[in-house]
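These notes are about the structure you will find just below.
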Amino acid sequence: MDEEKKVSRQRRYQLRHKVVGLCIICPKQATNNTYCLLHYKKNQECIKLRHKQRLRKDSEFRKFTNEYQTQRRIRKQLSEL
């Protein structure tokens with residue numbers, strides 16, 4: 001089979017635009033290697049949001065873990081009495 005057929009139509013579009021120097025989402029000129037200014041800003045917002053969500057999940061996990069460890073410590077102390 002040909003290598004071109006294994007790549008999806010959308011991905012071929014993105015690669016073709018990237019080589020020409022266009023945004024991979026729209027046909028505007030790219031300001032950096034991949035995106036035009038509008039899509040670059042949207043992408044940065046998404047990255048920030050994902051990072052905030054990850055931090056929130058990590059803090060909730062740590063909070064849960066700390067509560068669990070505290071409960072175990074209390075149970076151990078009570079069992080020793």
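Once R0 is set to 41 Å, what does the formula 1/(1 + (r/R0)^6) return for the Cβ-Cβ distance between Lys76 and Tyr40, expressed as a FRET efficiency to the nearest 0.05? The calculated FRET efficiency here is 0.15. Each label point was placed 7 Å from the Cα along the Cα-to-Cβ direction; for Gln53 and Gln10 their separation is 1.7 nm.
Per residue, the convex hull spanned by the Cα atoms of the chain measures out at 140 cubic angstrom. Build a GNM of the chain with springs between Cα atoms under 10 Å apart, and of Lys63, Lys41, Lys28 the one that fluctuates most is Lys63.
Taking amide H positions as modeled 1.01 Å from N, with prolines and chain starts lacking one, the residues under 5 Å from Leu22 and 5 or more places away or on another chain are Ala30.
Taken together, the values in this text are just the output of simple stated rules run on the coordinates, not laboratory data. Note that the coordinates shown come from a computational prediction; the quantities given were computed from them, not determined experimentally. Positions of Cβ are backbone-derived with ideal geometry, glycine not excepted, and every protein chain shown enters the neighbour counts.
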